[in-house]
Structure formats: structure tokens, C-alpha cells
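For reference, the structure discussed in these notes is given below.
The values are calculated or read from the model by the stated rules, or taken from the named source; none is laboratory data. Everything quoted here is computed from the prediction, not taken from an experiment. Cβ placement follows ideal geometry from the backbone for every residue including glycine, while neighbour counts extend to all protein chains displayed. These area figures cover heavy atoms from the full protein model, side chains too; ligands, DNA and RNA do not enter into them. Shrake-Rupley method; radii C 1.70, N 1.55, O 1.52, S 1.80 Å.
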Amino acid sequence: MREFRPRGAASAGVLAGTVAVLAAANVLNNRVAPRLAPLTSVAATGALLALARRSGLSWSEMGFHRRARGLRIGGVLASGVAVVYGAGIAVPATRGFFRDERALSLSRARALEEALLQVPFGTVLLEEVGFRGVLHGLLTRSHGAGTATAVSSALFGLWHVLPAIDMTAANPALSRLAAGETPAGETSRVVVGSVVATGFAGVFFCELRRRGGLAAPSLFHLATNSLGYLFARLVPPESGSEDAPGDGREPGHESDRGLDRGDSRFTVS
């Protein structure tokens with residue numbers, strides 16, 4: 001006989017396990033082995049899905065529904081991202097926010113790897129399934145949709161502490177904006193600003209999930225990050241600069257270590 005599991009309560013052990021898997025993957029992907037992020041994230045996603053299914057969570061409760069509608073919503077938003085990025089690099093006043101040294105230091109092959117492999121499988125897959133899928137589904141069953149959105153979004157914000165530290169050095173213009181143009185204590189201000197901004201982004205993603213399942217936020221998330229690599233390389237060089245975007249330079253040790261799949265532009269990964 002199949003074991004009965006109360007639908008109104010998510011196991012504290014499963015929730016703790018979910019958070020532990022996400023935390024371990026975050027450290028591995030940002031500090032230990034960034035280039036192996038696709039493998040780490042796929043493995044972590046599998047572990048999270050196994051935990052959720054073992055707890056009795058259905059695929060629909062995890063957001064694997066409304067796929068057609070989600071693809072339409074996500075497609076429209078992704079197109080909007082491309083328009084905004086294009087306008088951003090065309091206007092001199094905003095151009096500096098898209099000039100990311102981590103992206104510009106990559107060879108074309110590495111940039112393609114980031115946009116087509118690292119972002120989809122190393123970032124978007126785990127973050128959407130983990131935060132908007134499994135974690136949101138577990139919390140919704142035990143505490144309701146409102147609490148699920150608040151808690152998963154807050155944790156999503158904290159997830160970006162390590163990438164925000166890297167952003168300080170990689171994108172000075174965006175860092176100064178996040179820090180309020182104050183050099184002293186810039187790193188801490190950037191971290192706090194990033195956590196708050198990505199927390200609010202998490203709320204928006206949860207709303208997209210409600211309307212179009214995981215497909216809607218996943219497409220939008222993918223566009224903001226992957227297109228960032230393209231547009232960073234399309235930014236015209238600064239006046240007097242000898243280096244142009246997309247010059248094919250191979251990444252150095254420091255830039256490769258600090259790279260975090262697009263977090264330094266207007267992204268939410």
C-alpha cells in the first residue's frame with residue numbers, strides 16, 4: 001500500500017535538504033569549479049527533483065504546467081530584453097553599464113560556451129527549478145503561495161552574494177550605481193543592492209511562474225543572461241581605447257575565475 005503523505009505539510013527535512021543542495025551548488029559554481037557549473041547544476045537539479053517527488057510533490061506543483069502559455073509569455077519578454085539591451089548600448093549615457101570586462105576578456109569560443117552552455121545549464125536550469133519549482137512548490141503546500149513567493153525570493157536574493165562580490169571588480173559603472181557612487185564600502189553596498197534587486201526579481205519571476213509555469217521565467221531569465229554576452233561584445237569601445245569588444249582575447253586566470261555567467265550586467269542569475 002502506498003504511504004499516505006499529508007498534502008498540507010512539507011517535510012522540514014525536505015526543505016532543509018533543498019536549501020542545503022542549493023547552497024552547496026552555489027559555492028561550487030562560484031568559487032570551486034565555475035567551468036563545471038553545467039554538470040554541478042544538472043546534478044543538483046536532479047537531486048532537488050528527487051527530493052520533491054519523494055515528498056509527494058507533483059510535477060504541476062513544481063511549475064511544470066501551462067507550457068504553451070509560458071513559452072508565449074517568455075518569448076515576448078525575451079524579445080523585450082533584446083530591445084532594451086540594444087537601446088542601452090546605443091545610448092552613450094547607459095553604454096558603460098553593459099561594458100563588462102569578464103565578457104570582453106573571453107575568446108569568441110568561450111563567450112559562446114557561456115551563452116549557450118553555462119547560462120542555460122549552469123545557471124537558469126538550477127535557479128528556476130530550484131527556487132521557482134521545488135522550493136516554491138514545497139512552501140506553497142505547507143504555508144501558502146504568498147509565503148512561498150516571499151521566502152523563495154529572499155533566498156534567491158541571498159544566492160547572489162558571491163556573484164555580487166565579483167561584480168564590483170568586473171563592472172565598475174554598474175558597481176558605482178549599485179553603491180550609490182560612494183567608493184568607501186562599495187563592495188558591501190553592491191552586495192546589499194544586488195541581494196535586494198534580485199530578491200524583487202524573484203518575486204517577479206514567481207508571478208511569471210503563476211501565469212505560465214516555469215517556462216515563462218526560464219525564457220526571460222535565459223534572455224537577460226545569454227544576450228548579455230552578445231551585447232557586451234557589441235558595446236562600442238571607449239574614446240581612446242585600443243581594445244574593442246570581441247577582440248578574441250583569451251581569458252586570463254583572474255577573469256576566468258571571476259566569471260559568473262552574466263551576473264555583472266542587468267541580469268538576475
Worksheet entry | Filter result for the condition that a residue is open to solvent by 10 Å² or more (accessible area, probe 1.4 Å), under 21 Å from Ala216 (Cα atoms) and within 13 Å of the chain's Cα centre (by Cα), over Ala150, Ala154, Ala115, Ala145 | Ala115
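Of all residues in segment 49-67, which are of a type in the set (D, E, K, R) and without any contact (Cβ under 8 Å) to a residue 24 or more places away in the chain?
Taking segment 49-67 as the starting set, the residues that turn out to be of a type in the set (D, E, K, R) are 53-54, 61, 66-67.
Passing the criteria: only Arg53.
I'm checking my understanding of the structure. Among residues of segment 46-79 that are part of a helix (DSSP H, G or I) and open to solvent by less than 10 Å² (accessible area, probe 1.4 Å), which one is nearest to Glu128 (Cα to Cα)? Before you say what the answer is, go through the steps one by one.
Step one: filter segment 46-79 for residues part of a helix (DSSP H, G or I), giving 46-54, 67-79.
Add one more test, that the residue is open to solvent by less than 10 Å² (accessible area, probe 1.4 Å), and what stays is 48, 52, 70, 74.
Details: Leu48: 11, Ala52: 14, Gly70: 13, Gly74: 13 Å.
Of everything passing the filter in segment 46-79, Leu48 is nearest to Glu128 (Cα to Cα).
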Fill in: Test: Ala82 is small (Gly, Ala, Ser), part of a helix (DSSP H, G or I), over 30 Å from Gly144 (Cβ atoms) and under 19 Å from the mean Cα position of the chain (by Cα)
yes
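Return the residues of segment 90-108 that are assigned to a helix (DSSP H, G or I), open to solvent by 20 Å² or more (accessible area, probe 1.4 Å) and not charged (D, E, K, R); say none if nothing qualifies.
First, pick out the residues of segment 90-108 that are assigned to a helix (DSSP H, G or I): 90, 92-98, 101-104, 108.
Next cut, open to solvent by 20 Å² or more (accessible area, probe 1.4 Å) only: 90, 92-97, 101, 108.
Once the filter is applied, which keeps residues that are assigned to a helix (DSSP H, G or I), open to solvent by 20 Å² or more (accessible area, probe 1.4 Å) and not charged (D, E, K, R), segment 90-108 yields Ala90, Pro92, Ala93, Thr94, Gly96, Phe97.
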